[in-house]
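Heads up, the thing below is written out as structure tokens.
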Amino acid sequence: MNRKSIAIGIAAVATLLIAAGTSSIARANAADAKPNVTLIKNATILTITHGNIEHGSILIRDGKIAEVGADIKAPEGATVIDASGEYILPGIIDCHSHIAVSGDVNEGSLAVTSMVNIGDVLNSEDPSIYYDLAGGVTVANVLHGSANPIGGQTIVIKLRWGKPSSELPFEGALPGIKFALGENPKWSNYRPPPGYPQRYPNTRMGVEETIRQAFTEAKEYKKQWDEYDRRKAAGEANLIPPRRNLKLEPLVEVLEGKRYIHCHSYRADEILMLMRVSKEFGFKVRTFQHVLEGYKIAEELAAYGVGASTFSDWWAYKMEAYDAIPYNSALMTERGVVVSVNSDDSEEARHLNQEAAKAIKYGGLSENEALKLVTLNPAIQLGIDNRVGSIDVGKDADLVIYNHNPLSVYAVAQKTLIDGTVYFDRDRDIAGRPALETEKKALLEKEKNAREEEKKKSEEKRKADEAKKKAEQDKATPPKNASEGTGGVR
Amino acid sequence: MKLKSAGNAPWIFAAIILIAASLLSQASRLRAEGGEPRYFAITNARIVPVSGPVLESGTVVIANGLIQSVGATASAKIPAEAWVIDGKGLTVYPGLIDAGNDLGITKPEAPAGEARGRGRRRGAAPIPEHISTGPEDRPSTSPWIVASDDLNAADKRIESWRDAGFTTALVLPEEAIIAGQGSLIDLNDERVSQMIVRSHAALRIGLRPETFGFPDSLMGVISYLRQVNDDTAWYDEAAPPYAAHPNGIERPNVDRTEEIMTLILHRKEPVLFPANTLVEIPRAMRLAQEWNLHAVLYGGQQSYEVADLIAAKKYQVIVNLKWPEGPKDPDPEDIPSLRELRFRDRAPGSPAALAKVGVKFAFSSGGLADPKEIQKNVRRATTAGLSSDAALRAFTLDAAEILGVSDRLGSIEPGKIANLVIADGDLFAEKTKVKHVFVDGRHFEIHEVEMPHKPGEKPGESPQESNDDPEVGR
């Protein structure tokens with residue numbers, strides 16, 4: 001496939017994305033026909049960017065926030081959600097997730113697997129999408145695992161539960177690629193089964209060298225194509241094009257600023273290393289993920305302009321995580337780093353609001369700063385803050401309605417909206433459970449009956465066979481007669 | 001039933017036939033001295049040509065392996081030497097096509113000795129000779145394998161499939177990432193060379209990751225297939241300039257995968273793309289479109305969820321008849337999810353859902369060990385709403401169209417290969433029995449397992465017996 005046909009391919013895929021939208025809506029659990037206009041009223045609105053509004057309303061038109069304020073009248077025909085006494089937060093953005101993936105999240109065979117793409121294996125049927133929605137998450141940065149210094153391509157999705165995989169990607173969000181430093185890429189295949197070779201690298205030095213080597217190759221690859229394009233443009237005939245290399249192409253995109261690096265990291269020294277290497281090769285790291293020792297080098301991170309996406313208080317699960325402290329988010333925030341708190345786990349993702357709250361206790365962030373850790377900041381890190389991350393006119397209507405302040409341990413998400421559509425509704429979920437229970441019982445009963453029917457049949461057959469065998473034995477007793485059979489009888 | 005020679009056959013001829021018939025009565029195929037008969041007529045039978053309306057009573061004439069004529073018995077021109085089967089009470093259908101199984105495919109012997117890895121630490125799989133370190137190592141890739149090259153014509157299952165009414169099968173190489181090419185064969189009990197309808201019938205690809213080495217994940221397999229597709233396109237583009245002017249151009253490397261894949265893609269050989277669930281099906285269609293493949297969705301058991309999408313994208317499906325099932329003796333503690341239960345319950349509704357939106361589909365028995373299970377599982381599809389007509393179409397003309405052989409197979413029309421199945425009722429009804437099968441115009445009688453005679457009953461009196469006891473030359 002040459003480059004032209006790639007473009008055609010991309011166009012074709014885009015058409016498919018649009019065409020796919022017409023189907024399987026009936027199956028959607030929560031996504032009913034999209035209301036054009038919705039008014040949510042009487043709530044405490046946590047806008048993130050311009051303070052809190054008591055007894056405020058949000059008007060949603062065609063999936064976007066049309067108005068935010070204290071006094072908005074419902075237009076005719078609008079769906080009205082009365083959120084008296086409730087709180088509205090911008091949808092939570094999980095900057096490090098592994099949900100909605102078919103198969104393994106690691107292509108662990110090689111040290112550089114930039115050819116693989118999470119976008120190829122999105123799984124719209126992963127129930128974690130729904131569970132995370134129930135925790136107020138509306139956007140997830142779905143990453144490849146951390147087995148390799150350079151892992152696979154990554155994708156940002158909206159948790160549009162019930163829609164096909166092709167409708168999950170966040171439109172227009174720049175794709176990413178997973179990098180990983182430290183023990184995980186070192187230890188992958190460190191002890192392979194007997195007879196299998198160990199995988200390089202086995203040290204932090206080797207991890208750095210692997211990344212350097214890959215970018216050296218990527219630059220060489222780009223040069224080859226530039227040379228070919230130049231000669232072709234000059235009208236040279238009989239040219240053989242270079243081979244496309246799907247491993248190196250994403251790295252060229254990184255060099256061209258068309259793809260974000262999200263780098264798994266723990267220790268300060270390795271984080272400094274990658275920043276040095278990136279300057280040398282002329283690319284930029286977008287976020288350090290986990291970045292548990294980020295507080296030690298907060299000024300360097302701020303100066304470089306990289307995002308830090310960390311855990312609230314998860315540490316000491318391995319040697320390189322021993323120096324983690326719960327003050328990490330606050331300390332980095334104070335030094336001017338854009339910080340987010342991520343889950344790396346589909347269960348943790350269900351209470352990221354509480355994870356954010358911990359930064360108030362440990363480090364004294366303000367309530368708004370704490371909420372930013374799971375809303376506006378991850379949006380900035382993923383380059384989607386023009387669309388999501390706060391409650392502002394013109395942004396996507398990705399909202400969570402909580403019964404209490406989301407920083408409270410008593411807060412439970414009541415409704416989660418994406419693009420103005422209610423994808424999770426706690427009341428509706430609870431009301432729907434008995435019907436699902438009944439359906440399940442009926443199906444189990446049906447299977448049981450079918451099994452019993454089958455057993456009965458095979459038992460009858462067994463008896464018939466036995467009788468047949470017995471009859472044959474009886475028949476076989478006068479053996480001489482058997483050879484005298486008439487012609488034509490078998 | 002009576003099988004008799006038409007016209008004024010001389011007594012001597014009849015006698016020879018009689019002797020031959022009794023000598024060979026154990027064999028399922030009828031032979032006569034001086035070669036087996038080449039002309040047959042099935043008269044006064046109900047005929048379901050699939051390509052046109054049903055004839056309530058008519059005659060099919062077979063000559064030299066092909067269908068010579070189909071029509072009213074009165075106007076049928078029956079050759080003098082034709083063997084005539086009185087089709088009263090019988091229905092003639094086109095022979096069934098099984099669009100995906102492993103009949104005659106012998107699995108390669110695992111290398112003996114310690115390499116098998118049994119009793120080793122971790123009980124690991126056998127260590128392969130080469131561990132793939134990237135796409136250039138072409139892991140589990142063998143597009144040059146052609147199923148018919150190593151076909152074992154003596155596979156006993158061929159006969160059992162034919163006895164159930166199957167005359168044609170797409171036999172596939174064992175699963176691998178690029179497994180090789182399946183062959184379309186007629187189940188005619190002959191040498192392999194005479195069985196082959198088309199040796200390069202369809203390319204089988206798979207998405208199962210390697211246990212060790214690249215690719216060890218689903219996304220790795222997909223990225224690998226994408227690279228092979230790109231490499232093939234590169235080969236296609238790079239080979240002609242070099243062939244034209246080798247002097248002064250660095251010689252491109254020669255890769256067997258690229259060479260064969262180029263041929264396969266050029267001749268638009270169908271690519272069987274595994275796609276069973278509502279997640280896999282749209283994914284397969286998206287990738288097939290991106291890679292510009294002439295893909296057929298292989299599996300299709302959750303089509304009931306995405307039938308509209310398949311119809312909109314105009315894909316064809318080969319539906320696997322091995323429906324998802326729970327364990328025979330389930331652990332009462334281990335309760336499956338509602339989603340799993342729904343899938344098991346609704347999967348047999350997929351063919352009906354596809355038929356409803358006009359998607360062309362065929363059936364494959366892949367994974368079923370016994371043709372009786374095929375019949376049972378088709379009945380589950382018909383119970384779930386698939387009409388008998390649509391089921392028949394899927395097994396005959398639509399299968400032939402999907403595999404690109406509808407000019408020679410799939411219906412009862414003059415000039416087509418004489419693959420017929422003759423039954424004593426609706427082919428998909430439980431009590432119906434297949435009585436005769438014709439493959440390439442060769443006649444096979446179907447022998448039921450012989451029932452014991454009741455005490456006092458003479459051999460030849462039982463209803464089954466009379467079918468196997470042709471009276472010749474009357």
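What follows draws every value from the coordinates through simple rules; no lab data is involved. Here the structure is a predicted model, which is why all the values come from computation and not from measurement. Every residue, glycine as well, gets a Cβ built from its backbone with ideal geometry; the counts of neighbours run over all protein chains shown.
A few comments on the model shown:
- A simple charge model with +1 on the Cβ of Lys and Arg, -1 on the Cβ of Asp and Glu and nothing else charged puts the dipole of the protein assembly as shown at about 1320 debye relative to its Cα centre.
- Neighbour counts of other Cβ atoms within 10 Å put B:251, A:276 in the fewest-to-most order B:251, A:276.
- Eligible aspartates and glutamates near residue A:219 by straight Cα distance, threshold 13 Å, same-chain separation 8 or greater: A:227, A:249, A:253, A:256, A:280
- Peptides A:125-132, A:289-296 ranked from most to least packed give A:289-296, A:125-132, packing being the mean of other C-beta atoms within 10 angstrom over each peptide's residues.
- Separation of alpha-carbon centers, segment B:248-280 and segment A:159-180, rounded to whole Å: 29
- Ranked by how many other beta carbons lie within 10 Å on average, peptides A:134-144, A:462-472, A:94-104 from highest: A:134-144, A:94-104, A:462-472
- The distance separating the Cα centre of segment B:301-346 from that of segment A:59-128 comes to 28 Å.
- For a straight C-alpha distance cut-off of 14 angstrom, the aspartates and glutamates reachable from residue A:41 (same-chain residues fewer than eight places away being disregarded) are A:54, A:67, A:71, A:82, A:86.
- Pairs from A:456/B:376; A:178/A:222; B:88/B:435; B:376/B:433; A:163/B:356 whose Cα-Cα separation, in the structure shown, is over 18 Å: A:178/A:222; A:163/B:356
- Kirkwood hydrodynamic radius (C-alpha pairs) into Stokes-Einstein, the protein assembly as shown, 25 °C and 0.890 mPa s, D in µm²/s: 76
- Each Lys or Arg adds one and each Asp or Glu takes one away; over the other residues whose Cβ falls under 10 Å from the Cβ of residue A:99, this sums to -4.
- Counting other Cβ atoms within 10 Å as a rough exposure proxy, the listed residues B:223, B:57 run B:57, B:223 from fewest neighbours to most.
- Among residues other than residue B:47 with Cβ under 15 Å from its Cβ, the summed charge is -2 (Lys and Arg +1, Asp and Glu -1).
- For the protein assembly as shown, DSSP calls about 55 percent of its internal beta bridges antiparallel.
- Sequence-distant residues sharing a close amide H with residue B:83 (under 5 Å, placed H): B:39, B:40, B:41
- Helix A:3-20 axis, angle to chain A major axis (alpha carbon atoms, nearest 10°): 80
- Among the lysines of segment A:360-452, pairs that are 8 or more positions apart or on different chains and have alpha carbons within less than 27 Å of each other number 6.
- Among A:234-247, B:291-304, sorting by the average number of other beta carbon atoms lying within 10 angstrom of each residue, highest first, gives B:291-304, A:234-247.
- Spatially, segment A:222-258 and segment A:137-155 are offset by 27 Å when compared through their Cα centroids.
- Scattering curve values for segment B:323-391, log₁₀ I(q)/I(0), Debye with Cα scatterers, q = 0.15 Å⁻¹: -0.57
- Shielding by partners - mean other protein chain Cβ count within 10 Å, residues of A:239-249: 5
- Low-density loop cleavage sites - GluC sites (Glu not before Pro) in segment B:192-281, where at most 13 other Cβ are within 10 Å (DSSP): B:250
- The Rg/Rh ratio for chain A is 1.14, where Rg is the radius of gyration of the alpha carbons and Rh is the Kirkwood radius.
- Cα-based helix-to-principal-axis angle, A:352-361 vs chain A, degrees rounded to 10: 40
- Net +/- balance of residues flanking residue A:42 in space, Cβ distance below 9 Å, scoring K and R +1, D and E -1: -1
- Debye intensity ratio in log₁₀ form over the Cα atoms of segment B:96-410, taken at each q of 0.09, 0.12 Å⁻¹: -0.51, -0.89
- The mean number of Cβ atoms from other chains found within 10 Å of a Cβ in peptide A:105-118 is 6, as a whole number.
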